[in-house]
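One structure below.
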Amino acid sequence: MTTYPTEPSDAPSLDQHCPQEDPYQNVDKTAFYEEYTPACCWTNAQYRSAYGLLSGDLDVPGQYAQEADYQPMQNGKYVRNTSAYYADDGNTYIVVDGYGNEVLRIHEGGGYITLEEVAAYMYAFGGATGSMPANYTTSKKTKPASSIWGAYLRVNHSEFSGSTSRYPYEPELPDISGCGGELQYYEMDIGTTGTVTPGYENPVMYNNGSSITRGAARLVYTRYDKNRNGIFEANEIYVFYTHNHYNDFREYLNYYGGWSQVFGNITGGGSYSSKYDYNPTPYPITEYADFLAA
């Protein structure tokens with residue numbers, strides 16, 4: 001799977017419909033969000049990000065990944081979609097459902113907060129370019145009041161070791177460097193409406209506009225082309241979601257609502273984040289299939 005494969009003939013660029021001049025100078029953010037629609041194209045997303053305006057869905061996600069009604073399976077295993085179609089000269093990623101139908105588009109450099117959109121963004125752009133949504137910062141200490149993103153600011157973007165010798169309650173992710181593998185993983189926060197994870201029981205918003213309570217939800221993804229050929233093969237791209245601070249994970253299967261079965265420590269009957277009472281179940285290997293193949 002190449003970084004920027006040819007887009008399907010029925011998925012033309014939408015840039016032709018976008019404003020050619022900045023429409024957001026002196027924008028009233030309250031009015032903008034009261035009449036909100038997602039960004040129509042990559043150009044529009046760039047204009048928005050310059051002023052701290054989102055490009056995707058406004059709904060702050062709950063703690064648990066929401067599965068699609070239809071999730072393809074082969075040989076009793078979940079299927080990961082290997083299709084990767086882009087528009088706007090590689091700046092827009094086309095997200096499909098389990099049937100291969102287009103559901104939404106993700107624009108590189110846009111601002112996103114939902115689990116589905118951020119997972120698709122990191123699958124499409126994170127490994128290939130090291131990009132992250134514009135409303136994310138690598139700093140864990142940035143305050144909403146000091147950012148143009150305000151309540152939509154998301155913090156933390158750092159390396160994830162996944163070392164099971166240091167954290168035996170964590171399941172081993174595929175080919176992860178912390179366990180002697182070749183793939184380097186990174187992690188980033190997913191802001192949720194609350195949490196039921198031990199130690200994070202109070203259902204506090206991730207970002208209330210003045211302060212951030214980071215909670216226990218993270219996205220963990222690969223960011224390493226291990227054979228350095230400029231092509232990201234299926235066994236080099238992984239995106240995982242953990243709702244309970246690395247105890248359990250689900251793999252993002254590269255389609256809307258596509259999530260693998262839960263695996264990890266709590267699933268296996270271990271105690272939360274315990275280095276003495278742990279039983280992480282192994283990563284459930286997925287099948288691969290091109291959802292858009294003729």
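The values are calculated or read from the model by the stated rules, or taken from the named source; none is laboratory data. Because the structure is a prediction, the values reported are computed rather than measured. Methodologically, a virtual Cβ is constructed for each residue, glycine included, from the backbone with ideal geometry; neighbour enumeration extends over all protein chains shown. What goes into the accessible areas is simple: the full protein's heavy atoms, side chains included, and nothing from ligands, DNA or RNA. Shrake-Rupley method; radii C 1.70, N 1.55, O 1.52, S 1.80 Å.
GNM remark for the chain: springs join alpha carbons under 10 Å apart, and the peak mean-square fluctuation among 192, 267, 92 falls on 267. In this simple spin-label model, placing a label point 7 Å from the Cα along the Cα-to-Cβ direction at both residue 139 and residue 227 gives a separation of 4.1 nm. Applying 1/(1 + (r/R0)^6) with R0 = 41 Å to the Cβ-Cβ distance of residue 67 and residue 25 gives a FRET efficiency near 0.50. Okay, which of segment 139-179 sit inside 12 Å, backbone N to the point 7 Å along the Cα-Cβ direction of residue 274? The answer is 169. Computed from the Kirkwood radius of its Cα pairs, the Stokes-Einstein diffusion coefficient for the chain at 25 °C and 0.890 mPa s stands at 125 µm²/s.
In the chain, helices alone account for a calculated mean residue ellipticity at 222 nm of -2000 deg cm²/dmol, with every DSSP H run of four or more residues adding -39,500 (n - 2.57). Give me log10 I(q)/I(0) at q = 0.18, 0.22, 0.23, 0.24 Å⁻¹ for segment 215-281, Debye formula, one equal scatterer per alpha-carbon, no solvent. Reported log10 I(q)/I(0), two decimals: -0.74, -0.92, -0.96, -1.00. For segment 244-294, the solvent-accessible area of protein heavy atoms averages 44 Å² per residue (probe radius 1.4 Å; ligands and nucleic acids excluded).
Would you mind computing Rg(Cα) / (2.2 N^0.38 Å) for segment 13-86, counting N as its residues?
On the way: Rg = 17.6 Å, N = 74, 2.2 N^0.38 = 11.3 Å.
Normalised Rg, Cα atoms only: 1.56.
Straight-line reach from residue 140: taking Cα to Cα under 27 Å and skipping same-chain neighbours fewer than 8 places apart, the lysines in range are 29, 275. Distance between the pseudo-spin-label points of residue 101 and residue 36 (7 Å out from Cα toward the beta carbon): 2.5 nm. In a fully extended conformation the segment linking residue 51 and residue 210 would gain 55.4 nm over its present Cα-Cα distance, using 0.36 nm per residue.
Report, to the nearest whole %, how much of the accessible area of the chain belongs to carbon and sulfur atoms, 1.4 Å probe, protein only. Present the calculation step by step, with values, prior to reporting the outcome.
Working: 6250 of 13050 Å².
Of the solvent-accessible surface of the chain, carbon and sulfur hold 48 percent.
So how much slack lies between residue 290 and residue 77, counting 0.36 nm per residue of separation and subtracting their Cα-Cα distance, in nm? Don't skip to the answer; put the middle values down first.
Working: separation 213, 0.36 × 213 = 76.68 nm, distance 1.52 nm.
Net length gain for the segment: 75.2 nm.
Take the Cβ-Cβ distance between residue 235 and residue 163 as r, set R0 to 22 Å, and report the resulting FRET efficiency rounded to the nearest 0.05.
On the way: r = 21 Å, r/R0 = 0.95.
Rounded to the nearest 0.05, the efficiency is 0.60.
What size of dipole, in debye to the nearest 20, comes out for segment 120-224 about its Cα centre when the only charges are +1 on Lys and Arg C-beta atoms and -1 on Asp and Glu C-beta atoms?
Values: 8 positive and 8 negative charges, 97 e Å.
In debye, rounded to 20, segment 120-224 gives about 460.
Charge tally for residue 104 (other residues, Cβ to Cβ under 9 Å; Lys, Arg +1; Asp, Glu -1): -3. Protein heavy-atom accessible surface, 1.4 Å probe, per residue over segment 54-212: 40 Å².
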